[in-house]
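Data first, discussion second: the structure below is written as structure tokens.
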Amino acid sequence: MQLGLKHYPVLAASLLLAGMQVNGQDKKPTFTSGKEFKPSEYVNPYIGTGGHGHVFLGASVPFGAVQVGPTNIVKGWDWCSGYHYSDSVVIGFPQMHLSGTGIGDLGDVLIMPYTGKIRTNHGSQENPTTGYGSRYTHAHETAKPGYYAVQLEDYNIKVELTASERVGFHKYTFPAGQEGHIIVDLKEGIGWDAPVETFIQKKDEYTLVGYRYSKGWAEDQRLWFAIRSNVPVKDFVVFDGDKQLSGTEGKGKTIKGVINFDKAPAEAMLKVGISPVSSENALANINSEIPSWDFAGTVKTATAKWNKELSKIQLQTKDTANRSIFYTAMYHTMIGPALFNDHDRSYRGTDKKAYPNPGFDNYTVFSLWDIYRSCAPLYTLTQPERVSSFVNSMLTIYKQQGKLPIWPLVGSETNCMVGYHAVPVIADAYLKGYKGFNINEAFEAMKASATRDDLGMKDIKAKGYIPADKEYESVSKAMEYAIDDWCIAAVAKKLGRTADFEYFSKRAGYYKNYFDSTIKFVRPRMDDGSFKTPYDPFHSIHEKGDFTEGNGWQYTWLVPQDVEGLISLMGGDDAFTKKLDSLFVASGDMGAEASNDISGLIGMYAHGNEPSHHVTYMYAYAGNQWKTSEKVRQVMRDFYTTTPEGLAGNEDVGAMSSWYVLSSLGFYPVNPAKGIYVFGSPLFEKASLKVQGGKTFNVETINNSAENIYIQQVTLNGKPYKNSYIRHADILKGGTLKITMGNKPNYDFGKAVANRPDSKY
């Protein structure tokens, strides 16, 4: 159930302040140019902080190492980011958070101001002030890109936060005349995180330094920090757990440092630098990025960085709600990946060794199973200056751990999810013409990652499938591998490596080994080659079943690399279309052990989880683009709203949001490395994309409305355009794509085989 804005007074207020009345219309067009355009004003950071969105709330800059924000007492899965909109108790403000993940971690270097006697634990949900925690309300909370503020109700302290790339900037306004404290709690983390060794030291009257080693989802995280205060740190005590230590430094598993004031200053500010290398580097990051104590100026700089990135797509629309959803979605795609180096570009590798400047920015937090589908392709349009650094970061990990990353997190390989999905990200970049990395080294890394013997790949090489009686999630693993193998084959073809092309293009078709033609579903196979019996395509068992967060209904369509091949298996265009229609009305019991990630359901289509994200666009491959328009509009309408529950599932570091950004523009990359985008149903009167070389690509619509969802005709630069897709290369040329919409399907648009998207190499 989606609640109205009356249930969220702070949201209603912020939307009104930003000119985003959900039911109103702009008094003037929103498309502007130059310095006047401030899309950060349209971002609503609360979207996705409720429900199962797991979205980070706080202050950061685009792709920054720091995400400084509030953390609640973690109560379960929906607190993976540390914060949930339903909560009302804050225990502090750590410097690092994940956004939208299904597993919790980070929450490093938690800092909390409070009044009264010294307390070293955060208290309880019912009585937070038995510790240093505090109640808060959304009515006294503000969130926008680059800035966060909240009133700590139990202490009458106002907390304000902003950030640069590697520094969190805290500002605390204390009540007059009261005993005050600021705790730096190195014990606390989020979710799976647990401290291993922590250290803090008073370096001088204004400076604290230390480190925090921890384990969790990131099995070996090492973080160094430095804290600069604008007021003298005269009384500083150190605890290990609840035991006070002598002196002004301490090392242990649960170290906490407390700054004490007999009478708290009216205003205290802290600059918290972080580093994967050393405390000296963390201090250097502070000196380089935020040398002054100008808090308001730092907020202004952070906001300007967000406006620069968000301005790469400018909208003209009267739909203020969808405009807010769009820019919030775009904002969410840039919280991660996160920088994982210092201002001098030194970093610490997966091998735990420190490295000097490699000549590119090193990044981490690549949620590859999620972002390879649409977020990484979006970056090739909006982040051309970062794409090669993303690729080089992955290649560096390969050199250090012997395989491309699966889900890299702050110097650790989590091995989370299935597939080797660094491959499509690298392939897409290369096939789109990015040259800022060594493609021959990249190709060898892709091959090495695809020819290992673990996680069912030994059987892929020997049998062409993974037996369900030997490996959990066997169908999902094999089908994801086939997508990656198509990408390797595509790169091999461009490189002229014929033998590799033939081998991996064959493997890209191994999904067919799972297709049971008698029931028209993919189905697990046993070691002896037989299909698994009994089999129910509705049934799903989380982690110990045959599918990864899904079932046979959902995974039958996981063939974005060869939709024509799947159409053929189904019996042709009509049979395929009929079967696909049935997906959206199918009803059955998934079982008590199904994953919570299977959400956002239309029949058995699950928009809350990434394997379904391309499926609405598959109709176009069978010549029925109008059905894609229908379903895409339904998904945008039903599963993206302006409330905290405005996402149908985990955000997954930009995956859910990138689907919306691209789909609302009117197209989507079904095949993650083919370089074509299939048309859906654009939402806006006009969208202008700033692309490489200073060019602009415009998508304009005629007669667009909530009812006029079907494409009637298209022109590209004034000439009739018959294809139901557009090439990346054509977008980069700039120009104008003009789409005329109507309330009835044009059955002929994209009907001819020559005008359909294809899967050819």
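The values are calculated or read from the model by the stated rules, or taken from the named source; none is laboratory data. All values derive from a computational prediction rather than experimental measurement. With ideal geometry, Cβ positions are generated from the backbone for all residues, glycine too; neighbour counts draw on all protein chains shown.
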Going residue by residue through the stretch 539-556, is there one that turns out to be in contact with a His (Cβ under 8 Å, 6 or more places away or on another chain), among the charged types (D, E, K, R) and either part of a loop (DSSP other than H, G, I, E, B) or not assigned by TED's automatic domain parsing to the domain that holds residue 589 (or both)? yes
Against the condition assigned by TED's automatic domain parsing to the domain that holds residue 535, under 21 Å from residue 554 (Cα atoms) and either assigned to a helix (DSSP H, G or I) or in contact (Cβ under 8 Å) with a residue 12 or more places away in the chain (or both), how does residue 487 come out, does it pass? no
The one condition residue 124 fails out of (1) within 21 Å of residue 145 (Cα to Cα); (2) of a type outside the set (A, V, I, L, M, F, W, C); (3) surrounded by fewer than 24 Cβ atoms within 10 Å (Cβ to Cβ) is (1)
Got at least one residue in the stretch 270-277 being part of a loop (DSSP other than H, G, I, E, B), in contact (Cβ under 8 Å) with a residue 40 or more places away in the chain, in the same structural domain as residue 200 (by TED's automatic domain parsing) and surrounded by fewer than 16 Cβ atoms within 10 Å (Cβ to Cβ)? no
Among the numbered criteria (1) crowded, with 24+ Cβ neighbours inside 10 Å; (2) without any contact (Cβ under 8 Å) to a residue 24 or more places away in the chain, which single criterion is violated by residue 151? (1)
Working only within the stretch 718-754, note down all residues that are farther than 26 Å from residue 635 by Cβ and touching a Leu at 6+ places or on another chain (Cβ under 8 Å). 735, 736
Within the bounds of the stretch 597-620, is there any residue that is more than 30 Å from residue 54 (Cβ to Cβ) and either touching a Ser or Thr at 6+ places or on another chain (Cβ under 8 Å) or not assigned by TED's automatic domain parsing to the domain that holds residue 371 (or both)? yes
Meets criteria (of a type in the set (D, E, K, R) and either touching a helix residue (DSSP H, G or I) at 6+ places or on another chain (Cβ under 7 Å) or more than 23 Å from residue 384 (Cβ to Cβ) (or both)) for residue 627: yes
Selection over the stretch 566-601 where residues are β-branched (Val, Ile, Thr) and buried (at least 20 other Cβ atoms within 10 Å of the Cβ) yields a count of 2
Tally, over the stretch 402-441, of residues that are surrounded by fewer than 21 Cβ atoms within 10 Å (Cβ to Cβ), outside any loop (DSSP other than H, G, I, E, B) and among the β-branched types (Val, Ile, Thr): 1
Every residue in the stretch 503-538 that is in contact with a helix residue (DSSP H, G or I) (Cβ under 8 Å, 6 or more places away or on another chain), over 15 Å from residue 471 (Cα atoms) and outside any helix (DSSP H, G or I), please. 508, 509, 515, 517, 520, 521, 522, 535, 536, 537, 538
Which residue, of 636, 656, 590, is closer than 30 Å to residue 85 by Cβ and either assigned to a loop (DSSP other than H, G, I, E, B) or not hydrophobic (A, V, I, L, M, F, W, C) (or both)? 590
Kindly provide the set of residues from the stretch 498-507 that are crowded, with 18+ Cβ neighbours inside 10 Å and either in contact (Cβ under 8 Å) with a residue 40 or more places away in the chain or among the acidic types (Asp, Glu) (or both), ordered by number. 500, 501, 504, 505, 507
Consider only pairs whose beta carbons are under 6 Å apart and that are at least six residues apart or on different chains; among these, list those whose first residue lies in the stretch 708-719 and is assigned by TED's automatic domain parsing to the domain that holds residue 681 and whose second residue is part of a loop (DSSP other than H, G, I, E, B). 708/743; 709/681; 710/745; 711/749; 712/746; 714/721; 715/721
Considering residues of the stretch 736-761 that are surrounded by fewer than 17 Cβ atoms within 10 Å (Cβ to Cβ) and of a type in the set (Ser, Thr, Tyr) only, the residue farthest from residue 696 (Cα to Cα): 747
Mind checking which residues of the stretch 460-494 are surrounded by fewer than 19 Cβ atoms within 10 Å (Cβ to Cβ) and under 16 Å from residue 449 (Cα atoms)? 461
